[in-house]
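The structure appears below as structure tokens.
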Amino acid sequence: MRISVIGCGYLGAVHAAAMADLGHEVIAVDVDAAKVDALAQGKPPFFEPGLPEILSSSLASGRLRFTTDISEVAGASLHFIAVGTPQSENSGAADLRFVHAVIDALIPHLGSADVIVGKSTVPVGTAEALSHRLLAAGSSATLAWNPEFLREGFAIKDTLSPDRLVFGFGEGPGALQARSALRDVYSQAIASGTPVVETDLATAELVKTAANAFLATKISFINAMSEIAEVTGANVTELADAIGYDARIGRKFLNAGVGFGGGCLPKDIRAFSARAQELGLGSSVAFLDEVDAINLRQRERVIARVIADAGGDAAGLRVAVLGLAFKPHSDDVRDSPALDVAQGLLAAGADVVAYDPQAHGPALLRLPKLNLADTLEQVLVGADIAVLVTEWPEFVALDPRVAGDLMAHKRIVDARNVLDADTWRAAGFHYSSLGRP
């Protein structure tokens with residue numbers, strides 16, 4: 001199929017490369033000329049495992065092109081909207097300017113049988129508003145919604161072999177054609193057994209938001225339990241193991257620690273709350289405010305723990321911060337707990353040195369005064385205490401004997417609860433974590 005992808009950020013670049021890899025002819029559009037030039041050379045402006053390879057092969061095949069000229073989408077029959085919906089500057093609501101701008105820019109180049117497919121995460125009701133926008137402009141193109149469920153670090157797999165596909169359609173005459181087009185574009189995944197949920201536009205919009213809200217709630221729940229565990233002497237990891245055996249609950253994402261971050265979960269739960277308020281249903285999702293508060297409180301708990309474990313005074317304290325990205329296998333520092341911990345320790349007067357395998361560039365853009373080490377060994381040299389805040393494999397596999405030989409004092413705060421406490425204590429470390437004795 002001939003398709004276009006509008007927006008070449010994380011979602012759009014991955015989607016465009018993956019669609020071309022599946023054999024479709026793809027034109028990808030973005031207003032950022034520097035980003036387009038880099039992608040056209042096979043150089044993604046962010047870190048995502050496997051993307052450089054699939055991007056290069058798709059470009060070499062001739063099936064993928066990048067441009068800043070929206071008019072080049074003419075001739076494509078399926079147009080994916082993949083622009084960002086960041087949090088508004090003055091509220092928790094989603095900023096939909098880029099989504100509306102895409103529709104306005106597309107309208108002059110649409111054929112009557114074209115299908116526009118929303119992938120961006122938007123508040124429920126957005127698709128209906130966009131459909132009215134198309135009608136008001138005299139366009140007979142059809143709007144559908146196909147939310148994304150990408151996990152950073154696994155985005156290629158999640159695009160080519162998703163765990164489910166959700167298609168949302170309106171009631172207009174083009175719905176049948178849109179259904180056929182989406183089933184064609186994802187034919188390989190469907191043939192391999194990927195479940196397909198076909199629903200209305202509003203439900204399709206809600207699926208991504210509801211999924212992120214549920215996930216965020218699960219993470220904050222276990223972090224709230226970690227606070228109770230610390231006061232009572234209970235072990236939150238063993239608690240999670242025990243309740244995780246309940247099939248109604250499950251063990252995944254019941255890991256206490258510094259909490260969630262990134263460009264999706266924090267933004268999406270705030271936008272969900274804002275949209276519920278607009279609908280007069282704020283009380284229905286009021287619990288999300290506490291989910292957000294618990295998550296942010298975890299960062300303060302880690303900062304306080306580091307200072308307390310090192311003697312109670314941050315002034316002049318040399319702290320090795322292990323990790324800056326919000327999760328491993330990513331260079332994304334948006335709303336990153338790790339970056340907040342580093343910033344909080346700096347503000348408290350500590351001498352902070354940080355290391356992350358991928359996120360140094362993005363971190364310096366947000367925290368220019370941060371002192372960075374080139375290697376894991378270098379960040380540990382002379383440290384009074386270390387704090388593990390992003391669970392990169394090389395941090396989890398760190399030998400405490402090696403770390404102890406490099407550090408000035410053997411102290412570590414495991415803010416992800418991923419290290420073996422007995423092993424570190426046996427090596428002479430003062431080891432602490434969240435919610436474990």
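Placing 409, 100 in order of accessible area, with the largest value first and a 1.4 Å probe, yields 409, 100. Residue 355 sits with roughly 20 Å² accessible to a 1.4 Å probe, with DNA, RNA and ligands left out of the calculation.
Using heavy atoms of the protein chains and a probe of 1.4 Å, the accessible area assigned to residue 365 is about 150 Å².
Given a 10 angstrom Cα cut-off, can you work out which residue in 356, 30, 309 is the most mobile in a GNM of the chain? Maximum fluctuation in the GNM of the chain, among the listed residues, is at 309.
Ranked by solvent-accessible area (1.4 Å probe, protein heavy atoms only, all chains present), the residues 346, 130 order from largest to smallest as 346, 130. Treating the chain as a set of equal point scatterers at the Cα positions, no solvent, please give the Debye-formula log₁₀ I(q)/I(0) at q = 0.10 Å⁻¹. Debye output, listed in q order: -0.76. Using only Cα coordinates, the Kirkwood hydrodynamic radius of region 227-282 works out to 13.9 Å. Of the residues 153, 62, 201, the one whose Cα sits farthest toward the positive end of the charge dipole of the chain, with +1 on the Cβ of Lys and Arg and -1 on the Cβ of Asp and Glu, is 201. Residue 104 sits with roughly 70 Å² accessible to a 1.4 Å probe, with DNA, RNA and ligands left out of the calculation. Only helices enter the 222 nm calculation for the chain: every DSSP H run of n ≥ 4 contributes -39,500 (n - 2.57), and dividing by all residues gives -13000 deg cm²/dmol, rounded to 500. Taking all protein chains together, 219, 103, 243, 228 sort by accessible area into 228, 243, 219, 103, largest first [probe 1.4 Å].
For the pairs 218/267; 252/327; 218/327; 157/327; 35/157; 157/208, flag any whose C-alpha to C-alpha distance is greater than 20 Å. Violating the 20 Å Cα-Cα cut-off are 35/157. Projecting the Cα atoms of 126, 187, 168 onto the dipole axis of region 121-255, where Lys and Arg carry +1 and Asp and Glu carry -1 at the beta carbon, places 187 farthest toward the positive end.
What is the percent carbon and sulfur in the accessible area of the chain, measuring with a 1.4 Å probe over the protein chains and ignoring ligands? Working shown, then result.
Details: 10080 of 18290 Å².
Heavy-atom surface of the chain belonging to carbon and sulfur, 1.4 Å probe: 55 percent.
Taking θ as phi - 60° and the Karplus parameters 6.51, -1.76 and 1.60, the scalar couplings of region 426-432 work out to 5, 7, x, 8, 7, 10, 9 Hz in sequence order, x denoting glycine and proline. Amide hydrogen proximity for residue 351: with H placed 1.01 Å from N in the peptide plane, the residues at 5 or more positions away or on another chain lying under 5 Å are 316, 317, 318, 319.
Based on protein heavy atoms only, the chain ends up with 42 Å² per residue of surface accessible to a 1.4 Å probe. For region 289-437, what does the alpha-carbon gyration tensor say about shape, rounded, prolate or oblate, given a ≥ b ≥ c as the root eigenvalues, a/c under 1.5 as rounded, and a/b over b/c as prolate? Because its axes are fairly even, with a/c under 1.5, region 289-437 counts as rounded.
The values are calculated or read from the model by the stated rules, or taken from the named source; none is laboratory data. All values derive from a computational prediction rather than experimental measurement. Cβ atoms come from the backbone with ideal geometry, glycine included; neighbour counts cover every protein chain shown. Only protein heavy atoms, including side chains, enter the accessible area calculation; ligands, DNA and RNA are left aside. Shrake-Rupley method; radii C 1.70, N 1.55, O 1.52, S 1.80 Å.
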